[in-house]
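The structure appears right after this line, and notes come after that.
The values are calculated or read from the model by the stated rules, or taken from the named source; none is laboratory data. Worth saying up front: this structure is predicted, and the values here are computed from it rather than measured. Virtual Cβ from ideal backbone geometry, glycine too; neighbours counted across all protein chains shown.
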Amino acid sequence: MTKLKHFLITLSLFLINLPLWAQAQQRFPKPEFETGYVQPPTTTPDPRALFLEYLDVFVLIAALAIVSWLALKKRSRSGIFWMSVFSLLYFGFYREGCICSIGAIQNVALAIADPTYVLPLSALLFFIIPLAVALFFGRTFCAGVCPLGAIQDLVAFRPIELPKWLQKVLGLIPYLYLALAILYVVTKSDFIICRYDPFVGIFRFDAEFQMLLLGGLFLLVGVFVARPYCRFFCPYGVLLGWMSTFSKKHLTITPSACIQCKLCANSCPFGAIEEPTPAGSNRKQDVKRFMVYLLFIPLWIGLGGLSGSMLHVPLSKMNKTVYLANELVENPELINDQEHIDVVTFMQSGKSMDELVIEAKQIQSQFYWGGWIMGAFMGLVIGLTLVKLSSHRSRQDYETDKTNCLSCGRCMDYCPVKVNDKMLIMSKK
Amino acid sequence: MTIPTKDKINIAKTIAWIASGFSIIICVMLIANYLQFKSVDPLESDALNTLVERLHDTPRDEALKEDIRALDLLIRKAYFTSQWQIRIGAYLLVFGIIIFILAIRYQNSLKSKLDELEGIEKNPFLDKQLARKWVVYVGAGLVVLALLSGFLSYNALDTYEPELIADSAVTPETTQPDQEVVVNEPGTESAEAQTAPIVENEVREQQESTTTETSQSETKTEQEQKTQPVEKPLSGTASKIVSQEELNKNYPFFRGALTNGIAFQTNIPETWDGANGENILWKIKPPKHGYNSPIIWGDKLFITGADEEARQVYCYNKNTGDLIWQVNADNIPGSPATMPQTTDDTGLAAPSVATNGQAVFAIFGSGDLISLDMDGKRLWAKNLGVPDNHYGHSSSLIIYKDKLIVQYDTNKGGKVFAFNTSTGEKAWEKVRTGVRISWASPVLIDSGEGAQLILSAEPLVISYNPDTGEKLWEVDCMMGEVGPSVGYADGIAYAANEYATLAAIDVKTGETIWEESEYLPEVSSPLAADGLLIIATSYGVIACYDAKDGTKYWEQECDDGFYGSPMLADGKVYIIDMSGKTHIFKLAKEYQLVAEPELGEKAACTPAFSDGKIYLRGFENLYCIGK
């Protein structure tokens, strides 16, 4: 039944696109040759077969299962590494970075905002499955399944540890990116995650020069700052981090009791190992500070909301309708520009300038309210980050930071306590 | 033989160095190739474009053609070679990077100790304190930055004045039409002189009036300009509203001055023969094809023609058939580069033009609407958006007072526009909610209680107030692809379409008086006059009904079907069938054939009348028939 449904959806999309293809042909008519040369018929690529989409989902599930097993049971860093190489080849170079869980955020958001949008099942599964796995086993998706993480992991030759304050400040960016991505999707403006994916050009051997340059820069920075995109940009990492925080069976540095050898202290290039907290903190002062930052959260939310709403004009200019309306209002002479494809398309649409401006203003209104929500969300994130930085949690051992740990397993190699030792201890008991 | 670990490390290091060097060289070459690739885009080649420009001047220069072909081939080869090089270079780069990564990884694996990060001094309390401080700084910075950006950002949409753009879309000073003026033959001067003074005097009066008004209100205008948004200069001068009597003397619209198929001309010929030239005063072949019918004002006759290459308005001397001018409807903002698909039986020039004696207005299947003065000078032009119409746009233009009415029903929705005839400014615009595409033309009637604009489309016949666009009434009676416009006489509008119905509608109440469905037209519009109603079908039947109650008086089967609409002139009905035969019969309760003259070629037009002559447009030629 589902197959039939998908077949029908695929067929519908195919038929819906037919006029567009016809229009595309009409827009760029073929040249006619006096020499009698006959133009070959236009060919269009076949849509991807449905079973191949299911294969992608199957590979995702299998890869997640294997990486989770390697991280939690086998405790094999090299196994995780080679799985990430496989994922890079399959999801990266073979599938050319699409379909991808990070971009699926936008499909899901659009499906929620626009009931007429048909969410592909594979996109939904690519969005949900890694989150579900992270809820139980941590961010094993980041460790060995995400091709974007894999390509960065490969070049992390000389990672340096960043100071905590810098990590915290840069760590705000993914939240902002996530909020912006959803804002642009629900206003039907753009899929910015896909548009600014720095590695998709490398996977496809084809992109604008600027995009290749951006990808190259990320990789260059990634030699010294491990996985810069994953840690300081990835919007899906935000969601995975939330899930992973509550994971029951997260990767541990040591398979048994920590022997406080401190060998793992400098092993994590992502700054995701939390050290034991020294005694001597002033509890009364800590509680007071905590309460102050807690009380400040509404202020941050309000300020954030206000700031976000104030940004609605510049933010909305990325929407093509708003952009065109602005262009035509500011430069009325553009209406005569036959080379301006957007203007020509608008003129051919039959819409009046009034209608265009009204539509643009409606979109700006959406950005205004979306800006409030986005800003309030960022205010909440900043407020909670400060509260978390004010809280004091007693810790005796070296532990992974479940939210930020990418489950790559590097720290496991540094731990002198091995699984066999654990078995030995258990047998002695 | 075993290689010592130290040597293995050295080898790995060397390989890594070589691979990195190789990758860097490839990377530099790729960047250089990319820049070169951009410069050899065949579509952007200056040299090629220059040669092509030169070919426009000397289109028969075979040597130049060969040069262009050779250069084009060369540029394309260079382009695709660069493309190939970039692709291969990308593969080599990836290969080099993989080797580099493997070498480094291998080298690291040979080292016995695990890599440790360069440790930085850590203090959980101080680190958190510093982090809090920075998060606050950055958070506050983001808020300030966002607020500043918000305050400093400029929203151009707030400054928008409705239709500011449309007014300035075309100015005659900047957009010169492609006009060809044909010098009048000496013999036509006297004929021109007979009617020209009327028009010239009117125009002069109007210009003088405008000048006086302008000088009187000059001070006021200056003051207003200080406080009001600057209006864009408007092309042309205010048009004079032409009286109905003056319209009746001419033939200004499709289906006559009343738009209902009644002509006021008399002494119309009844016999002619296109084949042997009997009563054919002149016959010319318009430069481009079109199904629109002739429109006449004074001594000038207007038609249009169009094809993929050009959309043209033609002005002929109605007495001699000489082409006075022809104007290309080009350089219109928004006009599509490629013409929309139309069927052969509609084409791009199906709508007839309209004139008020001061300007002539034409619309084409591309959505281009153009206004020209009587000498062919462009006054204004605009594109209404390419109509999504599977046959081609065919609704003709009409004029009400100083408003040009455009029915614009397409597959993407219907609209009716009223443009100021002088400036092209939109006087009003109504979205025709609930109607589908239509090929009918608008009809103006005087109900006795005021003017009404009646439009027919599936499924609604709607009446509008032509002054405001306000909807007066609507009747749900049409279906299918509506081609016929409504007929009108004595307070009753007659809407009909094949496979739908023939409905008589009381224009004061919007109620259907009677309905009939025996004979229904596909394209030809109903004609109502003197208590009778004439219907002509596309399968060749002419039927006559009682206009009040729908009683059928007679039916007459003809050999060919009718696309042209019947016209009443001098007490007789003139209608041309698709073979080119005109059926002339008396408007009476019995069928009384007067004559059936042949044009000698196929036709689908509606006749035009002027000064005792009839003007017919065949598929190929335009005829003037007189006694």
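Of the residues that sit in the stretch A:274-291 and are out of contact with any Ser or Thr (no Cβ under 8 Å at 6 or more places or on another chain) and touching a residue at least 24 places away in the same chain (Cβ under 8 Å), which one is surrounded by the fewest Cβ atoms within 10 Å (Cβ to Cβ)? Break it down into steps so the answer makes sense when it comes.
So the first thing to find is which residues in the stretch A:274-291 are out of contact with any Ser or Thr (no Cβ under 8 Å at 6 or more places or on another chain), and the list is A:275-276, A:278-285, A:287-288, A:291.
Then keep just the ones that are touching a residue at least 24 places away in the same chain (Cβ under 8 Å); that gives A:275-276, A:281, A:283.
Working: A:E275: 15, A:P276: 16, A:S281: 13, A:R283: 8.
For the stretch A:274-291, the residue satisfying everything is A:R283.
Being out of contact with any Phe, Trp or Tyr (no Cβ under 9 Å at 6 or more places or on another chain) and more than 9 Å from chain B (Cβ to nearest Cβ) is a property that A:L303 lacks.
Can you tell me which residue in the stretch B:369-389 is nearest to A:M353 (Cα to Cα), limited to those that are among the polar types (S, T, N, Q) and either assigned to a strand (DSSP E or B) or within 9 Å of the chain's Cα centre (by Cα) (or both)? Lay out the reasoning, then the answer.
At the first step, the residues of the stretch B:369-389 found to be among the polar types (S, T, N, Q) are B:371, B:383, B:389.
Checking the rest, the ones that are also either assigned to a strand (DSSP E or B) or within 9 Å of the chain's Cα centre (by Cα) (or both) come to B:371, B:383.
Details: B:S371: 21, B:N383: 12 Å.
Result: B:N383.
Need a quick list: helices (runs of 4 or more DSSP H) entirely within the stretch A:319-425 having at least 2 residues that are among the acidic types (D, E).
Details: elements: A:320-330, A:341-349, A:353-390, A:410-414.
Here the list reads A:320-330, A:353-390.
Which one is modelled with the highest pLDDT, of the residues in the stretch B:144-164 that are part of a loop (DSSP other than H, G, I, E, B), under 30 Å from B:E425 (Cα atoms) and within 7 Å of chain A (Cβ to nearest Cβ)? Explain how you work it out, then say what you get.
Looking only at the stretch B:144-164, we keep the residues that are part of a loop (DSSP other than H, G, I, E, B), and these are B:153-155, B:160-163.
Pick out the ones that are also under 30 Å from B:E425 (Cα atoms) and you get B:154-155, B:160-163.
Next cut, within 7 Å of chain A (Cβ to nearest Cβ) only: B:155, B:160, B:162-163.
Working: B:N155: 89, B:Y160: 86, B:P162: 72, B:E163: 55.
The residue in question is B:N155.
In the set A:I358, A:I373, A:I363, only one residue is free of Cβ contacts under 8 Å to residues at least 24 places away in the same chain, among the β-branched types (V, I, T) and either outside the structural domain of A:P269 (by TED's automatic domain parsing) or under 30 Å from A:L306 (Cβ atoms) (or both); that residue is A:I358.
Residues of the stretch B:540-581 being of a type in the set (D, E) and closer than 19 Å to B:Y488 by Cα, which ones? If you could, list the steps in order and put the result at the bottom.
Step one: of the stretch B:540-581, the residues of a type in the set (D, E) are B:546, B:549, B:555, B:557, B:559-560, B:570, B:577.
Across the stretch B:540-581, the qualifying residues are B:D546, B:D549, B:D570.
Considered as a group, the residues in the stretch B:77-92 that are more than 12 Å from chain A (Cβ to nearest Cβ) and touching a residue at least 12 places away in the same chain (Cβ under 8 Å) include one that is nearest to B:Y34 (Cα to Cα), and that residue is B:S82. Total residues in the stretch A:177-194 satisfying the condition of being among the small types (G, A, S) and in contact with a helix residue (DSSP H, G or I) (Cβ under 7 Å, 6 or more places away or on another chain): the figure is 2. In the stretch A:249-260, the condition of being of a type in the set (S, T, N, Q), within 8 Å of another protein chain (Cβ to nearest Cβ) and part of a loop (DSSP other than H, G, I, E, B) is met by no residue. Looking across the stretch B:354-386, the residues that are more than 11 Å from chain A (Cβ to nearest Cβ) and on the phi > 0 side of the Ramachandran plot come down to B:G357, B:G376.
Output the qualifying pairs, or none if there are none: Cβ atoms under 7 angstrom, residues six or more apart or on different chains, first residue in the stretch B:423-443 and within 14 Å of chain A (Cβ to nearest Cβ) and within 18 Å of B:S525 (Cβ to Cβ), second residue outside any strand (DSSP E or B) and of a type in the set (S, T, N, Q). Filtered contacts from the stretch B:423-443: B:I437/B:N389; B:I437/B:N411. Total residues in the stretch B:318-345 satisfying the condition of being buried (at least 18 other Cβ atoms within 10 Å of the Cβ), of a type in the set (A, V, I, L, M) and modelled with pLDDT under 85: the figure is 0. Checked against the criterion of being over 30 Å from A:F141 (Cα atoms) and at pLDDT below 50, the stretch A:34-44 has no qualifying residue.
Just to verify a result, which residue in the stretch A:348-389, among those that are at the interface with chain B (Cβ under 7 Å from one of its Cβ atoms) and in contact with a Phe, Trp or Tyr (Cβ under 6 Å, 6 or more places away or on another chain), is modelled with the lowest pLDDT? If we take residues in the stretch A:348-389 being at the interface with chain B (Cβ under 7 Å from one of its Cβ atoms) and in contact with a Phe, Trp or Tyr (Cβ under 6 Å, 6 or more places away or on another chain), then A:V357 is modelled with the lowest pLDDT.
If you go through the stretch B:249-297 one residue at a time, how many are basic (K, R) and at positive phi? It would help to see each step written out before you state the result.
Step one: of the stretch B:249-297, the residues basic (K, R) are B:249, B:255, B:283, B:285, B:288.
After this cut, where a residue has to be at positive phi as well, the list is B:255.
Number satisfying all stated conditions: 1.
Among the residues of the stretch A:148-164, those that are over 16 Å from A:G216 (Cβ atoms) and surrounded by fewer than 24 Cβ atoms within 10 Å (Cβ to Cβ) comprise A:R158, A:P159, A:I160, A:E161, A:L162, A:P163, A:K164.
Looking only at the stretch A:149-168, decide whether some residue is more than 14 Å from every other protein chain (Cβ to nearest Cβ) and either under 17 Å from A:C405 (Cα atoms) or within 16 Å of the chain's Cα centre (by Cα) (or both). It would help to see each step written out before you state the result.
To start, the set of residues in the stretch A:149-168 that are more than 14 Å from every other protein chain (Cβ to nearest Cβ) comprises A:149.
Add one more test, that the residue is either under 17 Å from A:C405 (Cα atoms) or within 16 Å of the chain's Cα centre (by Cα) (or both), and what stays is A:149.
Yes, some residue in the stretch A:149-168 is more than 14 Å from every other protein chain (Cβ to nearest Cβ) and either under 17 Å from A:C405 (Cα atoms) or within 16 Å of the chain's Cα centre (by Cα) (or both).
Residues in the stretch A:269-300 that are more than 30 Å from A:A226 (Cβ to Cβ) and more than 8 Å from chain B (Cβ to nearest Cβ): 19 in all.
The single condition from (1) within 34 Å of the chain's Cα centre (by Cα); (2) at positive phi; (3) surrounded by fewer than 15 Cβ atoms within 10 Å (Cβ to Cβ); (4) of a type outside the set (D, E, K, R) that A:Q260 fails is (1). When you scan the stretch B:543-554, do you find a residue that is β-branched (V, I, T) and surrounded by fewer than 16 Cβ atoms within 10 Å (Cβ to Cβ), even just one? Yes, some residue in the stretch B:543-554 is β-branched (V, I, T) and surrounded by fewer than 16 Cβ atoms within 10 Å (Cβ to Cβ). State yes or no: is A:V329 over 30 Å from A:R227 (Cα atoms), within 7 Å of another protein chain (Cβ to nearest Cβ), buried (at least 22 other Cβ atoms within 10 Å of the Cβ) and β-branched (V, I, T)? So A:V329 fits the description; yes. The residues of the stretch B:50-70 that are under 27 Å from B:F37 (Cβ atoms), of a type in the set (A, V, I, L, M) and under 38 Å from the mean Cα position of the chain (by Cα), listed by number, are B:L51, B:V52, B:L55, B:I68.
Per-residue answers, yes or no, for (1) in a helix (DSSP H, G or I); (2) over 48 Å from the mean Cα position of the chain (by Cα); (3) within 14 Å of chain A (Cβ to nearest Cβ):
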{"position": "B:T14", "(1), (2), (3)": "yes, yes, no"}
{"position": "B:N33", "(1), (2), (3)": "yes, no, yes"}
{"position": "B:Q36", "(1), (2), (3)": "yes, no, yes"}
{"position": "B:A47", "(1), (2), (3)": "yes, no, no"}
{"position": "B:I75", "(1), (2), (3)": "yes, no, no"}
